[in-house]
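Input: a single structure, listed below in structure tokens.
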Amino acid sequence: MRFMMRVNGLIAATAWFGSLTCSGEIALSVGHEGKEAVQTFESIEAAIEGARQLPVSAARKITLSGGYYYLTEPLVLDERDSNLTIEAEVAGEAALVGGLRIENWRSEGEFWVADLSETMPRDFRMLLVNGRYAPWARFPAEGLLQHETKFAPGWRSTVAGGWSRAPTEEELTTLRYRPEDLDPWLNPDNAEIRVYHNWDETLVGVKEIDRESHTITFKNPAGHPPGGFGIQDYVVFNVREGMTEPGQWYLDRSNGRVVYWPKAGETMATTKIIAPVMETVLRIEGKEESKASNITLRGLKIMAANTPLKKGGFGAKHFDGAVSVNHSFACIFEDLEITGVAGFGMRIIGDEMIIRNCHVHQIGAGGINLYSADAVVEENLINHVGLTYPSAIALAVGSTDPHDIDWEIGKNRTGVTIRHNEIHETPYTGMAFGGAGHVIEYNLIYRTMRELRDGSGMYITFCENLVLRNNVVRDSYEGHKTYAYYLDELTHNALIENNISMGQLSPLQAHISSNNLFRNNFFITDGYMPITLPRCEDMRFEKNVFMSNGDISITNPEGMSLLRRNIFFSKTGNITGTTLDRYRRVKTQPFVPPADNSLEDPGIRVEPNGRITFEEDSLAGRMGIRPVDGSRAGRSNSQ
């Protein structure tokens, strides 16, 4: 039905419609040369094309009313769309969906099955069920399988080139399994295997199985050879044998259908099940010589995006985002909800970007991956990421490869300002930073490192001229090699000030780092507190509190070039320092800091809201240490 309405003396046409491709109203508002007009369109693509017919200098805005807008290909904006705003009429009620609804379900015992149509892809790794990221069939249901593949060469560090000997193609594509684990039921057409490495994993397909030698050959090479780092963990996905509880699904490629086990109360008539058909839902792609600039996305919900079968790399950085941006400048992403996508929520390359008040959750890989200078990331909530790729990082800023970094950023321009964000429920690292000149302040990170090892709440690598202040990292899983703050290879000239760590296995790890200043931080643990500084130089500590109910051990205290007015307090009274020869332990002995430091009780209180306060006449106060209000960390609008 189409009708006309008069708005402010202008004629506006409004259309109502509902179909597989779009539901809702799409209005293009234009303000140009003191005039304003409203025109409506029957698709977002048509509205974008209509906006392109108007001068770029016009204040053009496309408004979407509530509803699901199913896309058959990504929306692509470019330099012609500079100064365009696309927003929801009511924030969160207009959803751009990069998938198709699967219908024609039928019962097959306790499962529902649906044949895939000709237009539906046969290769996807996530399924949305009533907006929920449905768990993929997993074998075993809990825990890990152990393969028998070994890889002897050692890892030398990233900056030293990685493996002491490069793995061969065969070593990257084969795995020897125990026959009692998988034979004879493993279906190579369906099965995909997550091979765990150390700080990451690779999801591989099965090319073939040699059941006599118990060897699986992968369709795609792993990021590291199975058995590297001495790790032999793996699990199998997308097999019927992994369907162990309601809510799970798998893609039965052998028979061209999807299989879903409904939860209690779900009915075929009312359950909305969507499979992704694209890797990116909305793309902003300018040109190197003509960037797409000043584009604003506001109030939209973005759902359903796929990932290809390939290695994700460290932090799953090789996967694209449901929102993908390149060759762009000064764009704004505000009040977005991104949910139910297999890759990153957002992957953005371009300077002077603003990402504000977005909620990124139920994500297969990471939340936000940003390569930028002079950008702001603030007031965002990122949670429940890494559902398919557990090495994914909730918020990754800059490169973790030293060869990709523009070290002049931070000298001639600023890096990225990251403030008042909240991150929780991640299988690996909460935030990671590379590059230069970043300011990271007032962020709250908790319950990270739920699955992998050798990561942290905040991870910094190949980074210089960094300011890290007034952040709180707390309550992470006490697993192997889990840290609150981790300054890794080539991190230097950093100021780490007024931060809090509590409820962590270890508050601090630094590695091949130099010339960093730690000032007025509070590192508090309930038990044993390891502080490790291998191959570090000129690490300066001033007015910090290290407080533990258990022992405190400091590895490579020789890396501490300055210790002034710090408090190291262990309730057991056992504080040791271990000298290293590179990574080899040479000698452990009692740790005795310079005389202006203390081993006594600091006299502090940690309040439930995260504030650090001082007892009357506390030692910390007498030593010039300042209280820190941890309740100010996190999103301002949630406090």
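General remarks:
- Hey, K263 closer than 28 Å to L77 by Cβ, of a type in the set (D, E, K, R) and surrounded by fewer than 19 Cβ atoms within 10 Å (Cβ to Cβ) or not: no
- Failed condition for R632, given (1) crowded, with 20+ Cβ neighbours inside 10 Å; (2) modelled with pLDDT of 95 or more: (1)
- Some residue of segment 560-583 being more than 23 Å from I625 (Cα to Cα) and among the aromatic types (F, W, Y): yes
- Picking from residues in segment 507-540 that are in a strand (DSSP E or B) and hydroxyl-bearing (S, T, Y), the one that is surrounded by the fewest Cβ atoms within 10 Å (Cβ to Cβ) is S514.
- For the residues R156, R211, the requirement of being without any contact (Cβ under 8 Å) to a residue 60 or more places away in the chain, touching a helix residue (DSSP H, G or I) at 6+ places or on another chain (Cβ under 9 Å), over 24 Å from R122 (Cα atoms) and outside the structural domain of R257 (by TED's automatic domain parsing) singles out R211.
- Matching residues, segment 42-56, being touching a residue at least 24 places away in the same chain (Cβ under 8 Å) and either loosely packed, with under 15 Cβ neighbours inside 10 Å or not small (G, A, S) (or both): E42, I44, E45, I48, R52, L54, V56
- Within segment 602-620, not a single residue is farther than 27 Å from H424 by Cβ, in contact (Cβ under 8 Å) with a residue 40 or more places away in the chain and of a type in the set (D, E, K, R).
- Top-ranked residue of segment 567-585 - restricted to ones that are under 13 Å from S548 (Cβ atoms) and not aromatic (F, W, Y), ranked as surrounded by the fewest Cβ atoms within 10 Å (Cβ to Cβ): G573
- Total residues in segment 341-358, condition in a strand (DSSP E or B), of a type outside the set (K, R) and closer than 17 Å to E379 by Cα: 4
Residue-by-condition table, conditions (1) at positive phi; (2) part of a strand (DSSP E or B); (3) surrounded by fewer than 24 Cβ atoms within 10 Å (Cβ to Cβ):
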{"site": "K287", "(1), (2), (3)": "no, no, yes"}
{"site": "I302", "(1), (2), (3)": "no, yes, no"}
{"site": "K310", "(1), (2), (3)": "no, no, yes"}
{"site": "S328", "(1), (2), (3)": "no, yes, no"}
{"site": "T339", "(1), (2), (3)": "no, yes, yes"}
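- Search result, residues across segment 508-534 that are charged (D, E, K, R) and modelled with pLDDT under 95: D526
- Condition met for V76 (over 27 Å from M346 (Cβ atoms), touching a strand residue (DSSP E or B) at 6+ places or on another chain (Cβ under 6 Å), of a type in the set (A, V, I, L, M, F, W, C) and surrounded by fewer than 21 Cβ atoms within 10 Å (Cβ to Cβ)): no
- All positions within segment 621-639 that are without any contact (Cβ under 8 Å) to a residue 12 or more places away in the chain and either touching a His at 6+ places or on another chain (Cβ under 6 Å) or farther than 20 Å from F568 by Cα (or both): Q639
- Restricted to strands (runs of 3 or more DSSP E) entirely inside segment 416-489, those with at least 2 residues that are in contact (Cβ under 8 Å) with a residue 24 or more places away in the chain and more than 22 Å from H359 (Cβ to Cβ) are 431-436, 455-464, 467-469, 482-487.
- A595 in a loop (DSSP other than H, G, I, E, B) and at pLDDT 95 or above: yes
- I445 fulfils the conditions (1) more than 18 Å from R632 (Cα to Cα); (2) touching a His at 6+ places or on another chain (Cβ under 9 Å); (3) at pLDDT 95 or above except for a single criterion, (1).
- Some residue of segment 516-523 being under 21 Å from the mean Cα position of the chain (by Cα) and more than 24 Å from A160 (Cβ to Cβ): no
- Here N198 meets each of (1) modelled with pLDDT of 95 or more; (2) surrounded by fewer than 22 Cβ atoms within 10 Å (Cβ to Cβ); (3) within 27 Å of the chain's Cα centre (by Cα); (4) not acidic (D, E) with one exception, condition (1).
- Selection status of V90, surrounded by fewer than 19 Cβ atoms within 10 Å (Cβ to Cβ) and in a strand (DSSP E or B): no
Matching residues to (1) small (G, A, S); (2) modelled with pLDDT of 95 or more:
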position	(1), (2)
R565	no, yes
T576	no, yes
E607	no, no
S636	yes, no
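- Some residue of segment 602-612 being of a type in the set (A, V, I, L, M), in a strand (DSSP E or B) and out of contact with any helix residue (DSSP H, G or I) (no Cβ under 6 Å at 6 or more places or on another chain): yes
- Candidates in segment 494-507 are the residues that are modelled with pLDDT of 95 or more and of a type in the set (G, A, S); of these, the one that is farthest from the chain's Cα centre (by Cα) is A494.
- Qualifying residues in segment 62-87 (those that are in a loop (DSSP other than H, G, I, E, B) and among the hydroxyl-bearing types (S, T, Y)) - the one nearest to F329 (Cα to Cα): S82
- When the residues of segment 144-168 are filtered to those that are over 29 Å from the mean Cα position of the chain (by Cα) and within 18 Å of K207 (Cα to Cα), the one that is surrounded by the fewest Cβ atoms within 10 Å (Cβ to Cβ) is T168.
- T588, sole failed condition from (1) in contact with a strand residue (DSSP E or B) (Cβ under 8 Å, 6 or more places away or on another chain); (2) crowded, with 17+ Cβ neighbours inside 10 Å; (3) closer than 27 Å to S476 by Cβ: (2)
The values are calculated or read from the model by the stated rules, or taken from the named source; none is laboratory data. Owing to the predicted nature of the structure, the values given are computational and were not obtained by experimental measurement. A quick note on method: Cβ atoms are made from the backbone with ideal geometry, for glycine too, and the neighbour counts reach across all protein chains shown.
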